[in-house]
Each structure stands twice: as structure tokens, then as C-alpha cells.
Protein chains: 4
Amino acid sequence: MSSVRVGFIGCGGIANLHMNNLSRIEGVELVAFCDVDEGRAKAAAERFKGNAYTDHRQMFEREQLDAVYICIPPHAHTDQEILAAQTGVAIFVEKPVARTLDKALEILEAIKKSGVINSVGYHFRYFDGTDLAKERLAGKTIGMVMGYWMGGLPGVYWWRRIEMSGGQIVEQTTHIFDLARYLVGDIVRVSAATALRALHDVPDLNVPDVGVVNVWFANGAIGCIANTCMLRMGYTTGVHVITPDLIAEVSWSGVKFIEPNRTEEIRHQRNGHFYESVVFVEAVKTRNQSLIRCDYADAVKTLAVTLAALESADRNGEPVEVPNLSAEGG
Amino acid sequence: MSSVRVGFIGCGGIANLHMNNLSRIEGVELVAFCDVDEGRAKAAAERFKGNAYTDHRQMFEREQLDAVYICIPPHAHTDQEILAAQTGVAIFVEKPVARTLDKALEILEAIKKSGVINSVGYHFRYFDGTDLAKERLAGKTIGMVMGYWMGGLPGVYWWRRIEMSGGQIVEQTTHIFDLARYLVGDIVRVSAATALRALHDVPDLNVPDVGVVNVWFANGAIGCIANTCMLRMGYTTGVHVITPDLIAEVSWSGVKFIEPNRTEEIRHQRNGHFYESVVFVEAVKTRNQSLIRCDYADAVKTLAVTLAALESADRNGEPVEVPNLSAEGG
Amino acid sequence: MSSVRVGFIGCGGIANLHMNNLSRIEGVELVAFCDVDEGRAKAAAERFKGNAYTDHRQMFEREQLDAVYICIPPHAHTDQEILAAQTGVAIFVEKPVARTLDKALEILEAIKKSGVINSVGYHFRYFDGTDLAKERLAGKTIGMVMGYWMGGLPGVYWWRRIEMSGGQIVEQTTHIFDLARYLVGDIVRVSAATALRALHDVPDLNVPDVGVVNVWFANGAIGCIANTCMLRMGYTTGVHVITPDLIAEVSWSGVKFIEPNRTEEIRHQRNGHFYESVVFVEAVKTRNQSLIRCDYADAVKTLAVTLAALESADRNGEPVEVPNLSAEGG
Amino acid sequence: MSSVRVGFIGCGGIANLHMNNLSRIEGVELVAFCDVDEGRAKAAAERFKGNAYTDHRQMFEREQLDAVYICIPPHAHTDQEILAAQTGVAIFVEKPVARTLDKALEILEAIKKSGVINSVGYHFRYFDGTDLAKERLAGKTIGMVMGYWMGGLPGVYWWRRIEMSGGQIVEQTTHIFDLARYLVGDIVRVSAATALRALHDVPDLNVPDVGVVNVWFANGAIGCIANTCMLRMGYTTGVHVITPDLIAEVSWSGVKFIEPNRTEEIRHQRNGHFYESVVFVEAVKTRNQSLIRCDYADAVKTLAVTLAALESADRNGEPVEVPNLSAEGG
């Protein structure tokens, strides 16, 4: 493969971030851009000298793609990945992979059948600080995990509709659930409480603005993942893994290790967003799925945890078992 | 009343802290000291020139007390408070007030009948930083609350036995539950996960060493209170009350206010332990129950929350409604 | 004046920052751009639809300017300000105002004769956090001042030549000297030690890479201003004003107040660079010099302090009296 | 030597700290206590079952001592060390070793002639965090050093009299000068500014309450050591050693290392005060002077630096060369 020919489905904010990153990686051509908003597709196409589409089926028919970035809202996933898989195109999907578990499992099935390279955009897995945390936690007894995404309300409309985005837990805090899974292991049960407390006046909003989710890990550890989108300022975001003599706090900016008499803070040197594309491109070029740190099957498990949390919140905190996808997902 | 004559039931660590504080307050006489461990009773009696007892019934018969400090393990509460109430002696009880709700309600009944001054040692309520937090939070929409007691294992035997102490949630983190109630309001439902992860080798220990408790407040706010006693170092302790534009983090040492573009940290100037005795003595002298920041009835409500958390943990996270004690407790 | 017509002499990095800011201020037209590097002049001219020059004399002849931004290295100041003053054009000069005191005094003379509005780019004076520090320090006994500019080596060639830039003290740490003067008052004597310790291998560099300057203020306070340009990381930058019960630490990002039992950190809300241009434009429009927080005369005093520090360093720490410019500069 | 028999000259605050430490070290007997205040001598003698003296000459005559701790104000040093040396008694002296260089050199002469074990109480040299700083700085290019002792006024009378204590620089900040010397090397020149700004109303006080001292190291590095005793709160204390890619900040509580993208804070595990006595006792027992981290000769060099700073301050900042004591002091 001389160069990797990449198409985009969805040309919004996160897609543009990926385009910028890909344009800095050698051996990548950005050739096709699809968006239901024609203006956005054309703008990207113009910028990168590619073709614009409003229908991804047409794009798959007309273009010879090696890989596709699918960067669309959770509810918008229909057959994008399935067509890509059937066409033998490698797939990079933004998190969360879908709005429902049924849709995600349908897509997973197609991907597995096709054997295409697949990667999901849980970029926290690609920080060097995350590697370091994983390394230093190895062999330690993890007692509990505290996770946080405490911030403000994203600006996009669909995010505020529970039926479109799934709300903060499913759409945003999914990063924290996934990182907790990556550092500690599978989550098997959840119990959640959510509420709408401060954002009553935001037009059309029907998602909660605060939430706490207790989690039970398969290895016996427990934890809580808390989130809010009501803040007018920044606050804690990250995963704090707690062992008797080492606490690792992984955040966007770096990792902090707390030990008896010693505290160390290390800023990430590697940009997680950039590096996940570097790795994906390498995997596509070398047809080596094992380079990928979060494949589609693994991302479906993270989705399953957050959907279980939604269900628990709807049932007023009743614990919900996370479906065991190991048989299908491994 | 020329001076307040105080007796002690229980002469262990926390009792000695109260003795030291009381000895610095004008108009207080420490006259009687009772402990099942005769040595401890005698040591205190010698130090303060009072009488030693091993049986509190005898102490109540022989001494003319104005007030009694009851500083005993949760399971050890039998008729100490009841006898005090019947004798018309003002009561200062250390938290938690009992090991079971039935016992606490029986004691509450006796206290209410007698009308004696009563106070419970939730000293977080007496910090000036707590006042400031309450003041600045007034009128704000509280979205959520995060509470923490993350530390090591206390040295006393009974603490490690669930049937004696109730474990960390009931015995220690009760401070955090109480402070959350004081700052935010009544808690009506809880869901808890606990586990024993690291302290398997501690002899006779049968309490969990990690726990997370989701809480639902009567006013609609939610939160999580997390604790662990497995750490070999210090970590977070306190209550973080979160509103859209003000976060108040109250801890042992002070209070931190986080606002957009502004952070303020204030160390407590007033020692909560000292001041709760100053206030109690004043209340006894002036027969003014309204000075007390946590009466017995209020403390029973905090106990009820933590016992509900225990029950939920036993039922694998099943949410448990906190009994409504307002009728009795008001 | 319908709109303020602005020209630039010097179109490098800091000039572009000012252009960006001015383009966001209503009632400003960027009309002329002069740089000895024709490419830079043309690039700016193209961007803002103005005219490009390589000779500022020509620019003054051909353009009808209301104001000129002079953003050139210290040694490059010849007659730019003088011509502007003679033409009645308001002057915004970047710090430091010149490489020698003689040149600065010659320019000051011309400005005073002309009466044109004049402002120097000591943007620390325009932060809201600086206002707050000034306000809270009012009436306090300032004992001492610690100032810092601890960072890395700027990328421009002339900065590394002592005869061009004056070195870090004169070119960069001048901000800190000026802020100390603004917060505390005039500096009357200095004693400096400098050395070249780590940057031996930087081609053509003949400026020291570490320095400490003891300062005596007219009001009796003392202090030290320390700087280094040898770091491969960020470190302290700012002015710390120390009184018995209040320490104010003003930095780029905000101000921190330290009091007994209380610490407060406030991020600047107002961008100093932007606001200094807002104020300058307003002063030009209203012909009101009193709005300006650092006029040319005041900036000359700051230059005099840093040049005295250079002289002291050259004389191995011998204290040097700062020339009294109050008669001329007031 | 079965056990080390220790006498004390001076039984004030710091002496009591040393007594407490020595009483916890095996193989040490506290046998004699001398103080011009008889009450203090008797109190110590009673506590440790030793003999009390008000005249140290008498003590040396009557007691068979292996070592003596000399803990007296700077101006009070007369012949205490000389008599000890002549009697063959090992010497532990508190810093600073004298009020004048002449007296210190006279004592040094006597100590050198006698060959007794000698140690000076610069306990910063004994922290494990100091070891770590020294280790990590090895081989680095030290550019500059910032030192601080910023705090309140000590409670003892003699401290406030320049003729008795030498003031803060000589008496207190001497720790910082010594630590800078220990970490970086000899100081050869100083220039100081001091002032009395806030403590005018303290009765009899004639020492400055603020001061900054520029220092030139023999190896070419420079720095500033700043102090104040006017604060009503705590502030910075310690030595910050600055290299291009590693900054080590050593303080009372620990050491902080700052590197590009990485910060590490380590609390001292070893109590410097305790450990300096452990080492001194071991040196006495094994007659091994090489264990001592600050011998008398080295401490005289630190004294010489601070006295040079005093002289410079008196001469309004005129730089003062530190006398070269290497010939005498080695």
C-alpha cells in the first residue's frame, strides 16, 4: 500500500481534529468527506482536495478507500460500519460506537465477519501517562476506583437529547468508564443515580446534569464514576485507581502518583488523539490488528456498561448486571 | 449552677481528648470517670482528682453530675444514656450513637421524655469553615455532593468487627454522612457497594476496607460517599458540595471554595472538638438546647443513613430507603 | 475622528499580536506596515489591506496616521518615535523603549515637546489582577519584593547579543522591574550579579543566562529580581510583594494572595495585551493621556533601572544609583 | 567506651530538643547540665538524673565527659569549646558557631590542636531529601540558587540585638547559606541589602526585618538568599538549586524536583535533628571524624559568609569578599 486513502463520515468538530492529525502523518491521503450537512463536507473536501458527499453509500461506491473515520452522533449509526466492513475498508469509529447495544452488536458481527482493521477513539488509552499508570499498578491490589467527568455543557444540539446521545454517561463519561476498564478490568454490575438539577432552562434538554454510578469490577474491586455537565468552570476529570500504597490519578493532562511520603506528577508527552491515529494508520498499513488498543468489540463492552448505568438510573438505582459479551466480544 | 460537674463513661482516646478540652474551659469540673477497663478509669480519676468507676450505674448513684460524656464503642450502648436522662443529667454522646437503630430510638425516647440537654460529637458541624460553607452555599442550587474518608485502619480491636462497630461507614464515615446532611439536607435513599480487598491478613477483621455509597437527598440532589481504611498514607477526607458556580470542599483542615477564575482556601481557626464542648457546656449552664448543632435526634438520622448503606451493601447494592424519622426526630 | 488609522513599524511576533488585538477593536483601521524585512511588511499589508514599507520615513510622509505601533528591537530605535512625534502621530512603543538611556531621553524630549499621546507596552499594568493587588496592598507596609522571570531562551537572533537587546534584564525582565515599580514605587539603587553558565554553545550568544538584581526602593523597601533564560521548562515568573500580613504574587496568569490562614488565587479575566490597546485607542480618540498606565517617561525610568543593573553586573556587583529622572520624566 | 557521657552548656529550647533526641539513642548518658539560668540547669538535671552547673569551667573540672553539646547564643561563646578541646571532650556546637570571625578562628585553632571530634548543628545536611538532592544534582550545571527564610520573629530577647545574635542572616538564615554551600560549593563574594520595615515597635529590637543577599559561588554560579522575620504567617523556607533541566527545592519538610514535564515531591523520612546526633554519637564512639557532615572548620566558613553579608549591608550593598579560610579550615 503506497499510501493510506482515508474517507470521513461526519465532518464535525472531532472529525476535523482527526483530519488535522492525519494530515501530519506521512503516507496518508484524505480523499473523501461525507456529511449530512453538505457545507461541512464541501469545506473539508476543498481544504484537503478530496471529494464531498452527503450520502455515505455513494462514497463507498465511488471511492477506493483503505480506511474510513466514522465521527457521527451515537443515534446516527445505521449501516456506515457495516458497509465499510463489507467493502473491506478499515474502520476508525468515534466513541460511543452506537446508541443501543443491539445496533452495536449488529455492527460488531459485520466487522468480525469481514476481518477489517477496526479501532475506536478511546484516546485516553494512548497517553504515555496511561501506559505508566498501567505499568506501575501491575501486581498491586486495586481496592477501589474513583472516576470523574465534571464540566460544562457541550454546544451541540443532539448531545442534550437522551434518545440521540444517551446523555453524559453514555456519550462523554464513556471515556472514564473505558479508562477504568482498561486500567482495572471488566465491570460486571452498576448502580446509578442521576438528576436534572441546574439546567432546567436549557431549551429541549432532556438529559440529567448530575450522575453517580457505582461499579463492581469482575476482579472484586468497586468504585464510583461521577459526572456533571452543569458547571460554569473546570473541575476534576480522570480516573483515580486506589491501592494501599499507590494511587494513580490519570487525567487529560497527565498522571499523578501518590505514595507514602512521595508524590509525582508527570505531564503526558504523547498526544492521545494524535497517537491513536498514528497507530491506526500503522495497523492498516501492516494489517496488524494487535497494535490497536481498543477494538470495536472492547468498545461495545464499554457501551454496555454505560447503557446498564442508564437503565439503573431509570430504575431508581436498582443494580443492573452488565451483559457478558466475552463470548461474542473477547 | 456554679460549675458544671462532668462525668465520663468510657475513658479511651476520644474521651481523653474531651477531658483535655474540658479542662481548658472555665466553670467545668471533671469529677467521675467510668470505664470497663479499671486502669483507664483510675488514670483519668487520678489526673483530674475525681472518682473512678467500672460500673456506670454506680457512678450515677453516687455522683451528683450535671453532665456526662459517653464515649464508648457503638455496640456498647445499653442504658448509659437512659440512666443519665432519667437522672436529669445532660448528655454528650460520641458518634455514632449506637450500633442499631432500635437501640438509638429507645435512647432517643428516653432523652425526649426527660428533656435533658443532649449533644452528639459530630464536630465537623462546629468548624468555622463549615459555617462559611453553609453561608456561601445558601440559595445555591446544589447539584451533587462527593464525600470521602480515605485513610488507614484505626488501632482499636472493636473497630474491626462489623457486629461491634458497624464498620467504617457506620463508625467513621458517619462524620461525612452527617456533614453532608448538615450542608445539604436529609438523605432519603442509599445504594452501597463494599468489599474487603487488601486487609485480609488483619487478624479477626470482618469489616470491608473499601466502600462507595450513592445517596439521594430529599431536595433532589444526589451524591456519592466513598471510603477506604486500607491506605498506608493519607488521602482525601471531607465533603465537596457542587453547584454550577461554586464548589465548597470542607475538610478537617479548612474549606476550599472553587469558583470560575477564583479559588480560595481558608484554614479553620476554630477547633471543632474544642468548640463543641464549649457550646455544650454553655447549653448546660443556660439550659438552652438550641445552641447545640447536632442533637440526639439528628444524630439518629445520620445513623439511620449509614445503617441503610450497610443493608444495601449486604443486598449487593439494592437501594434502601432511609426510615423517615422526622415524626420522631424533628 | 471617525476611526483611528494605525501604522506599524516592525512587523514581527509582538507586532502581529497587536495587529490581531487591534483588528478586534471597533473604530481602528490598520493602514500601513513597515519592516526592514520587506516580506513581513507585505504579508501584514496584504492581510489587512494596507500599504507596505521598508522605510518608516517614507511611511510617515505618505500616510495619514493617527497612531503608530513601534515594535522593534531595543537597539533599532533611531528616529521612529521622533518623526512620529513631529508628525503629531500618537505613539505606542513596545518595551524596552531603547538600548541606551541617551536615546530614550532624546525621544522623551521630542514626545514631550509634541504632546502626542504616548504609551509603552508594559501590559502587566493592565491585568485586572494587578489592579486588585494594588488595591489590597494600599496602606500596607511593604517590606520586600521578590521578582522572577525564569524561563527559556527566546528564538530571535538580536536577543542573544548584549549590544542589541541589553540581555534578559533589559529586554525581558524589564516587565518585572516595571511591575515592581508600579506596585511599590521608584527604585533608586541596584546591585547585580550575572553569569553565563549553561548556554555556552548557543552560537553568537554574548548575554548572561542567569542574574540576580538587588533593588532599593525610594520608600525604603528592598528586594531582589532574579532571572534566567537557560531553562528547558517553565518556572516562576512574576512579582511577589511581601507585607507582614499579606503577600501578593502577581503573575501572567493571575494573582495569589497569601494571608494568615487564608490563600486566594484569582485568574486574570482581562487580557493585558488586549486591554492596553483598548485603552490606547480610547486615549487617542479622546486625546486623554491620563488613561495610559505607562507613558514614555515612566518607561524610561524602568529602562534606567535595568541599565543600572547592567552596569552593576559589569562592575562585579558594585551598587549603582539609578539616575533621578523625576525632573525630566515625572 | 561503654556509653557516651554527655554534658550540656546551655539548656534552652534547642538544647532540650537535643536532650530528647539523645535520650532516645542507645549508649548515651546525659550527665551534666550547665546554664547561666540555674533553674533551667536544675530542671534538666532533675529530669535526666544528672548534675546541674551554672559555670561550665566547674563542669569540665568535676565531670568526666565524653562529649559536650554547646547550645548558647552567638555572642556567648567565650572559652567553652576551648576548654572542651583542651580536656579532650568531643564537641557538638549549635549554629552559628560565634558572633565574630576572630572568636570562631580562635576556637577552631584549639579544636584543630586537640583533634577532638567536632560537629556543628546544621541539621539540613542530615535530611535524606538533602542527600537525594545532592545525588541528583551531581554532574549538572548549576546556574543559580535562590534561598529563603521567610517567617516570624523568634521569641528570645538576644535574637533581637544585632550585637548578640548578628540578626536573622547570621543566626537563622545561616542554615540556608550553609545548605547552599553544601549543595553548590563555597561562596566567595556577597552583596546585601537589609532594612527595618515593619517591626519598629518591638522593644529593644535593632536587627533588620528584611534582607536580600546576592552570592557569588567559587564555581561561577550566582544566587540570592532572601529573608524576613516580619511575617505573621509561614512562607517559603529552603534552598532552590537551578539547573537547565532540573530544579531541586530542599525545605524543612522535604525536597521537590522539577523537570520538564515532571514534578516530584518527597517528604523527608529522616529527622535531621535526630540523625545529626545519631551520627555525632557514632563518630564519638568510633573516633571517626569523617562521619560528620559539618565540622567546625566548615561551619566557620558559613559564618564568614553571613558576616560578610552583614558588612555589605552596613556598607549599603558594597560587595564584600568572603575571607578565604581554606588554608586554615580545609
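Just tell me how shielded C:316-322 is by partners: mean number of partner chain Cβ atoms within 10 Å of each residue's Cβ, no decimals. Each step should come with its number before you reach the end.
Values: counts 4, 11, 4, 8, 1, 0, 0.
Mean shielding count: 4.
Treating the beta-carbon of each Lys and Arg as +1 and of each Asp and Glu as -1, no other charges, what is the dipole magnitude of segment B:147-269 about its Cα centre, to the nearest 20 debye?
Numbers: 9 positive and 12 negative charges, 23 e Å.
Value, rounded to 20: 100 debye.
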- line: Cα pairs beyond 36 Å in chain A, in percent, come to 17 percent
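Write down the Kirkwood hydrodynamic radius of segment A:251-320, to one decimal in angstroms, obtained as one divided by the mean of 1/r over all alpha carbon pairs. Mind dumping the intermediate values first?
Numbers: mean 1/r = 0.0638 Å⁻¹.
After inverting the mean inverse Cα-Cα distance, the result is 15.7 Å.
Using a simple charge model, +1 on the beta-carbon of Lys and Arg, -1 on the beta-carbon of Asp and Glu, nothing else, what dipole does segment A:119-173 show about its Cα centre, in debye to the nearest 20? If you can, show how the numbers build up before the last one.
Values: 6 positive and 5 negative charges, 21 e Å.
About 100 debye.
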query: Say the dipole of chain C comes from +1 at the beta carbon of Lys and Arg and -1 at that of Asp and Glu; which of C:G152, C:L105, C:W252 then lies farthest toward its positive end?
result: C:W252
- prompt: Amide H neighbours of B:G147 under 5 Å, counting only residues 5+ apart in sequence or on other chains, H built in-plane at 1.01 Å?
  reply: B:C224, B:I225, B:A226, B:H240
query: What value, in deg cm²/dmol to 500, does the helix sum -39500 (n - 2.57) over DSSP H runs of n ≥ 4 give at 222 nm once divided by the residues of chain B?
result: -10500 deg cm²/dmol
- line: Expressed as a whole number, the average count of other chain Cβ atoms within 10 Å around the Cβ atoms of B:246-252 is 1
field: Set of aspartates and glutamates near A:K113 by C-alpha distance (under 19 Å), chain-local residues within fewer than 8 positions excluded
entry: A:D66, A:D79, A:E81, A:D102, A:D295, A:D298, A:E328
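Obtain the radius of gyration and the Kirkwood radius of segment B:11-120 from its C-alpha atoms and give Rg over Rh.
On the way: Rg = 13.2 Å, Rh = 14.1 Å.
Over the Cα atoms of segment B:11-120, Rg/Rh equals 0.94.
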- line: Taking placed amide H atoms and a strict 5 Å upper bound, the residues 5 or more places from A:L196 or on another chain that come that close are A:D209
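Over the alpha-carbon set of segment C:122-256, divide Rg by the Kirkwood Rh and report the Rg/Rh ratio to two decimals.
Details: Rg = 15.3 Å, Rh = 15.4 Å.
Looking at segment C:122-256, the ratio lands at 0.99.
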- request: Please compute P(r) over all alpha-carbon pairs of segment C:64-182, binned at 10 Å starting from zero, and give each bin as a whole-number percent.
  value: 12, 36, 31, 19, 2
field: Spatially proximal lysines relative to D:K42 (Cα-Cα < 28 Å; intrachain offsets below 8 disregarded)
entry: D:K95, D:K285
- request: Give the nm distances, rounded to one decimal, from B:N288 to the matching residue in every other copy, measuring between label points 7 Å along Cα toward the beta carbon; shortest first.
  value: 5.4, 6.8, 7.8
Number of partner chain Cβ atoms within 10 Å, mean per residue of C:189-201: 5
- request: Return one number: the angle in degrees, 0 to 90 and rounded to the nearest 10, between the long axis of the Cα atoms of helix B:38-48 and the longest principal axis of the Cα atoms of chain B.
  value: 80 degrees
message: How large is the convex hull of the C-alpha atoms of segment D:175-330 per residue, in Å³?
response: 166 Å³
message: For the protein assembly as shown, report the % of Cα-Cα distances exceeding 66 Å.
response: 18 percent
query: To the nearest 10 degrees, how steeply does helix A:13-23 sit against the main Cα axis of chain A, on a 0 to 90 scale?
result: 60 degrees
message: Distance between the C-alpha centers of segment D:120-175 and segment B:147-180? Whole Å please.
response: 43 Å
message: To check my understanding: the extent here is largest minus smallest coordinate of the Cα atoms along each principal axis. What are those three numbers for segment D:1-47, in Å, largest first?
response: 31, 17, 16
query: Taking the alpha-carbon centroid of each part, what is the distance from segment B:46-99 to segment B:215-241 in angstrom?
result: 32 Å
message: Using the Cα centre of chain C as the reference point, and only Cβ charges (+1 on K/R, -1 on D/E), how large is the resulting charge dipole? Debye, rounded to the nearest 20.
response: 500 debye
message: Suppose we take every Cα in segment D:195-248 and form the convex hull; what volume per residue is that in Å³?
response: 104 Å³
- line: Ignoring chymotrypsin sites (Phe, Trp or Tyr not before Pro) buried by more than 16 other Cβ within 10 Å or outside DSSP loops, the longest site-free run in chain C is C:1-156
task: Select from D:T78, D:N20, D:Q58 the residue farthest towards the positive end of the dipole of segment D:1-128; place +1 on Cβ of Lys and Arg, -1 on Cβ of Asp and Glu, and compute about the Cα centre.
output: D:N20
- prompt: Highest GNM mean-square fluctuation, chain C, Cα pairs closer than 10 Å: which of C:L105, C:L307, C:L231?
  reply: C:L231
- prompt: So which residue, out of A:L17, A:L65, A:L101, gets the largest mean-square fluctuation from a GNM of chain A using Cα contacts under 10 Å as springs?
  reply: A:L17
field: Vicinal HN-Hα couplings computed from phi for segment A:238-246 (Karplus, 6.51 cos²θ - 1.76 cosθ + 1.60; Hz; Gly/Pro x)
entry: x, 10, 10, 9, 10, 10, x, 10, 8
- prompt: If one takes the longest principal axis of the Cα atoms in chain A, at what angle in degrees, from 0 to 90 and to the nearest 10, does the Cα axis of helix A:128-137 lie?
  reply: 40 degrees
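Pairs of alpha-carbon atoms within less than 8 angstrom and 6+ residues apart define the contacts here; what relative contact order does chain D have, in percent? Don't skip to the end; give the middle numbers.
Details: 714 pairs, mean separation 63.0, N = 330.
The value is 19 percent.
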Under 20 Å from the B:N261 label point (7 Å along Cα→beta-carbon), backbone N, segment C:241-259: C:248-258
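Rule-based calculations on the coordinates, nothing more; no lab input. Keep in mind it's a predicted model, so treat the numbers as computed, not measured. Ideal geometry is used to build each Cβ from the backbone, glycine not excepted, and the neighbour counts take in all protein chains shown.
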